[in-house]
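Have a look at the structure below before the remarks.
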Amino acid sequence: MPHFETEIYSPVLNSGQQHLPCTIIVDTSSSMEESIPQTMQAIRDCMEALNDNPRARSTVDVCLITFDSSARVVVPFGPVSGFEAPMIVASGTTAMHQAIDLALREDRARKDLYQKTGTGHYRSWFFLLTDGSPNDADNGAFERLLEAQRAGSVNFYGVGIGDFNKKTLASL
């Protein structure tokens, strides 16, 4: 289970500025094995581009969640300037419901930290990078994600990898 104590997160830098919480949710199931190197390189390239922008470097906070047979936070929320992409290995099945649920909880914890530090924030960005469909139990996370989008608290971007399931991404 992930930790939700704000002490595990990096402090909020430049708390006087609006921040953008960004959660990257990466499918690391066995079907992604061929795509993981390119996917992780794309994430590194994106982080490099954000770091090249002085405003983004000081106000974008990033969290990386991976999921295969289970979901886990591999890079807790922190400034984009400190983001280091870990080595990722593909295996297992596709616990996409768990991953979305975890992303929503981590996002809520980061926004709670913003509130405690008097930091404003923009609508969160969620990026789901996947080639498949969930095969874990439906825990209501997809509906909670849709509700968060309707409420204006999350912008969701589904990124299909390879021969991806268009129906799943379109439903979110």
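The values are calculated or read from the model by the stated rules, or taken from the named source; none is laboratory data. All figures in this text were calculated on a predicted structure; none of them were measured in a lab. Cβ atoms come from the backbone with ideal geometry, glycine included; neighbour counts cover every protein chain shown. The accessibility values were calculated without ligands, DNA or RNA, using every heavy atom of the protein model including side chains. Shrake-Rupley method; radii C 1.70, N 1.55, O 1.52, S 1.80 Å.
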Legend entry - Helix 36-51 axis, angle to the chain major axis (alpha carbon atoms, nearest 10°): 20 degrees
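Could you please state how large a percent of the accessible area of region 5-57 is carbon and sulfur, counting protein chains only and using a 1.4 Å probe?
On the way: 1370 of 2810 Å².
On region 5-57, the fraction of accessible area on carbon and sulfur atoms equals 49 percent.
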Inset, instruction - Could you go through region 83-96 in sequence order and give the Karplus-derived ³J(HN,Hα) for each residue, using 6.51 cos²θ - 1.76 cosθ + 1.60 with θ = phi - 60°, rounded to whole Hz, and x for Gly and Pro? - result: 6, 10, 6, x, 6, 10, 10, 8, 5, x, 9, 10, 8, 5
Legend entry - Amide proton proximity set for VAL75, modelled H, under 5 Å, gap of 5+: LEU64
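Exactly which chymotrypsin sites (Phe, Trp or Tyr not before Pro) in region 1-95 are in a DSSP loop and have at most 15 other Cβ atoms within 10 Å? Don't skip to the end; give the middle numbers.
Working: sites: PHE4, TYR9, PHE67, PHE77, PHE83; in loops: PHE4, TYR9, PHE83.
Passing both the DSSP loop test and the Cβ count: PHE4.
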Legend entry - Identified option (computed Cα extents along the principal axes in Å; candidates (i) 54, 37, 37; (ii) 50, 34, 27; (iii) 43, 31, 27): (iii)
Inset, instruction - Starting from 0 in steps of 10 Å, tell me what percent of the Cα-Cα pairs of region 30-88 lands in each bin. - result: 22, 49, 24, 5
Legend entry - For GLY92, distant residues with modelled amide H under 5 Å away: SER30
Legend entry - Rounded accessible area of MET40 (nearest 10 Å², 1.4 Å probe): 10 Å²
Inset, instruction - With runs of 4+ DSSP H residues as the only contributors, calculate the mean residue ellipticity of the chain at 222 nm using -39,500 (n - 2.57) per run, divided by the residue total and rounded to the nearest 500. - result: -10500 deg cm²/dmol
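Rounded to a whole number, what % of the accessible area of region 122-172 do carbon and sulfur atoms account for, probe 1.4 Å? Each step should come with its number before you reach the end.
Values: 1490 of 2810 Å².
With neighbouring chains kept in place, the figure for region 122-172 is 53 percent.
Could you give the accessible area per residue of the chain, probe 1.4 Å, as a whole number in Å²?
Working: 8380 Å² over 172 residues.
I get 49 Å² per residue for the chain.
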Inset, instruction - Enter the angle in degrees (range 0 to 90, nearest 10) between the Cα long axis of helix 141-150 and the first principal axis of the Cα atoms of the chain, meaning the one along which they spread out most. - result: 50 degrees
Legend entry - Longest DSSP-loop-exposure-free segment, GluC sites (Glu not before Pro), the chain, at most 13 other Cβ within 10 Å: 85-172
Legend entry - the chain: relative contact order as a whole-number percent, Cα under 8 Å and 6+ apart: 28 percent
